[in-house]
Amino acid sequence: MINKEQIELIGDNHISSSTETPMLPTAFDKSDDDKIKNIQQYFGMIMEELGLDLSDDSLSGTPYRFAKMYVKELFYGLNPKNKPKLSTFENKYGYKKMLIEQNITIDSSCEHHFLPITGHAHIAYLPKDKVIGLSKINRLVDYYAHRPQVQERLSLQILKDLQNILETEDVIIMICAKHLCVSSRGIKDKNSFTTTIEYGGYFNDKANRDEFLNTVNNKVV
Ligand SMILES: [Zn+2]
């Protein structure tokens with residue numbers, strides 16, 4: 001067990017312990033409906049502990065809304081059965097240069113404070129024999145974003161999946177995001193944001209990385 005000081009340290013430094021999201025082996029033994037029922041009860045207790053009167057019309061439905069939002073909306077990406085089907089196609093065009101999908105919305109939550117992380121992901125790959133539908137990249141980002149996260153792990157999870165699916169190391173991902181736990185609590189810095197860049201293969205070459213970064217920075221759409 002870690003003590004309270006270590007708990008604060010991990011939260012404030014946003015340290016992650018592994019690339020995989022730490023999950024219990026029993027994570028999906030219960031149905032979503034059972035989880036919603038339990039979380040509704042627990043969150044009602046939290047509200048009452050804070051002194052709120054749940055018999056008030058405005059508050060009475062909040063524990064249910066909160067529980068449904070957690071299981072079905074914010075954290076649907078914890079459950080592998082919700083992972084989008086990422087079918088690939090043969091690269092019939094023979095397009096072999098960089099393909100960039102930019103400004104992909106990031107709507108995530110920090111796993112240390114359960115507060116929003118919002119921003120954008122920019123992803124590029126060099127097609128080999130396989131290509132993927134453009135919207136599938138957005139769906140994969142959305143899936144991994146919808147679980148309690150740290151930005152570094154989110155970047156790596158998306159990168160590794162794309163490298164596996166596309167059967168190439170030549171993938172790069174950059175995420176720029178604001179963390180509410182930095183802007184609305186703790187240091188309360190409203191302007192700072194966090195950038196992570198992960199890549200492999202072709203993008204280990206600085207010139208190739210610069211080509212990607214220049215395109216992303218010169219938004220022409
Ligand atoms: Zn946080």
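The values are calculated or read from the model by the stated rules, or taken from the named source; none is laboratory data. These numbers were taken from a predicted model, which means no experiment stands behind them. As a convention, Cβ positions derive from the backbone with ideal geometry for all residues, glycine included, and neighbour counts pool all protein chains shown. Surface accessibility is based on the protein's heavy atoms, side chains included, excluding ligands, DNA and RNA. Shrake-Rupley method; radii C 1.70, N 1.55, O 1.52, S 1.80 Å.
Inside region 10-129, counting only strands (runs of 3 or more DSSP E) that do not spill past its ends, which hold 1 or more residues that are more than 30 Å from residue 207 (Cβ to Cβ) and in the same structural domain as residue 207 (by TED's automatic domain parsing)? Give the derivation first.
Details: elements: 88-90, 99-110, 116-125.
By residue number, 99-110, 116-125.
Here is a list: 181, 176. Which entry is within 16 Å of the ligand (Cβ to nearest atom) and open to solvent by less than 50 Å² (accessible area, probe 1.4 Å)?
Working: 176 fails: within 16 Å of the ligand (Cβ to nearest atom).
The unique qualifying residue is 181.
Pairs, please: C-beta under 8 Å, at least 6 apart or cross-chain, first residue outside the structural domain of residue 179 (by TED's automatic domain parsing) and in region 194-211, second open to solvent by 50 Å² or more (accessible area, probe 1.4 Å)?
Within 8 Å, no pair qualifies.
Scan (1) at pLDDT below 95; (2) touching a helix residue (DSSP H, G or I) at 6+ places or on another chain (Cβ under 8 Å) for the single condition residue 172 breaks and write down its number.
Residue 172 satisfies every listed condition except (1).
Specify the residue that is most open to solvent (accessible area, probe 1.4 Å); the eligible residues are those in region 68-78 that are out of contact with any helix residue (DSSP H, G or I) (no Cβ under 8 Å at 6 or more places or on another chain) and of a type outside the set (Phe, Trp, Tyr). First the steps, then the outcome.
Here is the first cut: in region 68-78, the residues out of contact with any helix residue (DSSP H, G or I) (no Cβ under 8 Å at 6 or more places or on another chain) are 69, 73-75, 78.
Checking the rest, the ones that are also of a type outside the set (Phe, Trp, Tyr) come to 69, 73-74, 78.
Numbers: 69: 65, 73: 107, 74: 60, 78: 47 Å².
For region 68-78, the residue satisfying everything is 73.
For region 94-146, how many residues meet the condition of being within 16 Å of the ligand (Cβ to nearest atom), in contact with a Phe, Trp or Tyr (Cβ under 9 Å, 6 or more places away or on another chain) and among the aliphatic types (A, V, I, L, M)?
Selection size over region 94-146: 0.
Which one of 140, 86, 99 is open to solvent by less than 60 Å² (accessible area, probe 1.4 Å) and modelled with pLDDT under 95? Talk me through it step by step, then tell me what you get.
Details: 140 fails: modelled with pLDDT under 95; 99 fails: modelled with pLDDT under 95.
Exactly one of 140, 86, 99 is open to solvent by less than 60 Å² (accessible area, probe 1.4 Å) and modelled with pLDDT under 95, namely 86.
Those residues that are on the phi > 0 side of the Ramachandran plot and open to solvent by 70 Å² or more (accessible area, probe 1.4 Å), I need them from region 184-221; list them, please.
So the first thing to find is which residues in region 184-221 are on the phi > 0 side of the Ramachandran plot, and the list is 186, 188, 201.
Passing the criteria: only 188.
Being over 17 Å from residue 122 (Cβ atoms), more than 16 Å from the ligand (Cβ to nearest atom) and aliphatic (A, V, I, L, M) is the filter here, so list the residues in region 184-206 that pass it.
none
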